[in-house]
1. Of the numbered conditions (1) in a helix (DSSP H, G or I); (2) buried (at least 20 other Cβ atoms within 10 Å of the Cβ), residue B:189 fails exactly one; give the number of that condition.
2. Tell me, please, whether a residue that is part of a strand (DSSP E or B), over 26 Å from residue A:208 (Cα atoms) and within 14 Å of another protein chain (Cβ to nearest Cβ) can be found in the stretch B:68-76.
3. Checking the structure you have, find out if any residue of the stretch A:263-272 is farther than 18 Å from residue A:127 by Cβ, more than 10 Å from every other protein chain (Cβ to nearest Cβ) and part of a strand (DSSP E or B).
4. Can you find a residue in the stretch A:324-332 that is closer than 26 Å to residue A:193 by Cβ, surrounded by 18 or more Cβ atoms within 10 Å (Cβ to Cβ) and under 20 Å from the mean Cα position of the chain (by Cα)?
5. Name the one entry in B:56, B:97, B:105 that is crowded, with 18+ Cβ neighbours inside 10 Å, away from chain A (no Cβ under 14 Å) and in contact with a strand residue (DSSP E or B) (Cβ under 6 Å, 6 or more places away or on another chain).
6. If residue A:278 satisfies every condition in (1) buried (at least 24 other Cβ atoms within 10 Å of the Cβ); (2) facing chain B (nearest Cβ under 9 Å) but one, which is the exception?
7. If residue A:358 meets every condition in (1) surrounded by fewer than 15 Cβ atoms within 10 Å (Cβ to Cβ); (2) modelled with pLDDT of 95 or more; (3) more than 14 Å from chain B (Cβ to nearest Cβ) apart from one, which number is that one?
8. Can you spot a residue in the stretch A:188-205 that is free of Cβ contacts under 8 Å to residues at least 40 places away in the same chain and in contact with a strand residue (DSSP E or B) (Cβ under 8 Å, 6 or more places away or on another chain)?
């Protein structure tokens, strides 16, 4: 019998409680293991909860209780969650988490601390919500050299982009996302790409074996996208998605978060609403893709519980969800990364565009025109569009 | 250092050899484990092979060598592979396999035998080729009660159906598949659905915990599909895919392999060519989907090697990829299973159709018309179409 402590009784924490209680019998049937919740830590009062005796406001109760094997940290953020995680690991308790900020910022240190104390630090729920992707990538693709990752890693922005594809303006789509509870009152972390940045940092750290500093990742959100971008992309056979992308190039990586045009022939273009999908390429398996609900109470809790179960069924083994410490000059300068680009200008500037890019064929919408370039570096496309001396919208195109 | 024996040096076997050799350094970096190939068993001569000293024609060499920890059985079929697997497990060697026929037919017995001998029998490569699906379903969705599985499980038929969707007749598409090496000279196991049947049997045995007898599964292949079916489906917003489907209904399951109409809004409709995709629903995670190359040398070998690695990194633990023995009356009579249906008749019979089904709206193509019914049992739709007394094509519709 494993004894579990849940840190934080918000959306995900209460989900973890529900999954462990609702599916207790099924989990035991499948795994031969039993799990009991011994504590729930939260600063708020839950006096009306049917199991109010589980609640504590004092982390010492948990860290000093030798019976607690597994701590599920679902507080979020990198302050108090960071302290609690370090103390739990140091006390010889395995920690599982959905906290992408903490894993992206302090992953290496926490993984080392876990190893030193003979326990595990697992984080399946930190990327892709309920989608199994961390463990499948680490274990099921362990025979591969992972070469590339591209994914829709944020459900809020994908919901907004889906609404825009259906003809809604950005502001209206954002408001709709807020009304449905998909976006926070302050949607910055989602729409400016910070959340996706942490997730591609985690996936890439794991895939290529070296921790990626999130601050080194070029991040562009979706706030500057307009309806005409999506309409023009559509006319050329593409959808626009916010993509977290990374690729191994020699002993370095290219990595960014930005809106990208995705060909309608690629499955990712068909991923709508709050769903996420992550494409992972390996040198033997070619492309694989993992799809599902990237957020939400039960899906995220499902992934946290998967890690709780994993601790119990893999007792005595070492985790392979680990990576080395950060190194200098690991991330390629964004100006040196190469893709094709969607370039949009006012129709009146079509001749200037042709003077710079040759005899191109443009899609037209209202008073704007756009076309897709060949592959070139980001530095080159910036230089070319600056030479135009006019307002130009440039969006990367996903190579599929 | 784990010592591996590869049984069978065909497409998959030579792929396993290549993955272990090509990615040796990367595998060791990721897992901290090393793997050496000690034997390759094949009845043929490989005197020109650079490592010809590894080859043997005598299984005794392998089973009697105490140094061999892991046997990769990639012979296929349920005769000699069955014997070798039993002997290897009995000798205390873990066995990993891509052999869906053997797992579907004798899975329970072999899993029990492995357990009795303190070793493992793993079969990630038996379903979905390189796609991680067996282990993700068993481990990453372990917190869920799996409720439903629907997937494109056979790449050959999906290639043929994709070509038909592009306007090619079945016979021409089959010939094209054979020319490209996707289909065997005798394509029966693929086009008649036998291969997909074994795979949905394995997935369902694992998901719901009780072995499904493949002989109890209603199987319909793609040989009776015509181009006009795909055109009419397309007009109604659907693609036609060969789907392996199962669903938990109380303590029984519904299960079949048949062509199904899949809404263009569902990702599965966008899975083209030889790719596979498997949708798995859980009571907490909702829908997840796993996509990738469902066959081929390197992808399948990638999955076999994942199991080889798993044996090493999870030493001392018990596998949770297991299920109970078959039980009577577990599979619901196909006549009692319920879906919507695509019903096609000659245009001249439209009035008869309306007399039976009410004032329906039909899609038309050439001299044929079709519509989609509401949900009813297979027994009911058969009774209704028999009453029509005319030639009727009936195809299930996937509920998404």
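1. Every condition holds for residue B:189 apart from (2).
2. yes
3. Yes.
4. Looking for residues that are closer than 26 Å to residue A:193 by Cβ, surrounded by 18 or more Cβ atoms within 10 Å (Cβ to Cβ) and under 20 Å from the mean Cα position of the chain (by Cα), one finds at least one in the stretch A:324-332, hence yes.
5. B:97
6. (2)
7. The number of the failed condition is (2).
8. So far as the stretch A:188-205 goes, yes, one or more of its residues are free of Cβ contacts under 8 Å to residues at least 40 places away in the same chain and in contact with a strand residue (DSSP E or B) (Cβ under 8 Å, 6 or more places away or on another chain).
The values are calculated or read from the model by the stated rules, or taken from the named source; none is laboratory data. Quick caveat: nothing in here was measured; it's all calculated off a predicted structure. Counting neighbours? That spans all protein chains shown, and the Cβs are built from the backbone with ideal geometry, glycine included.
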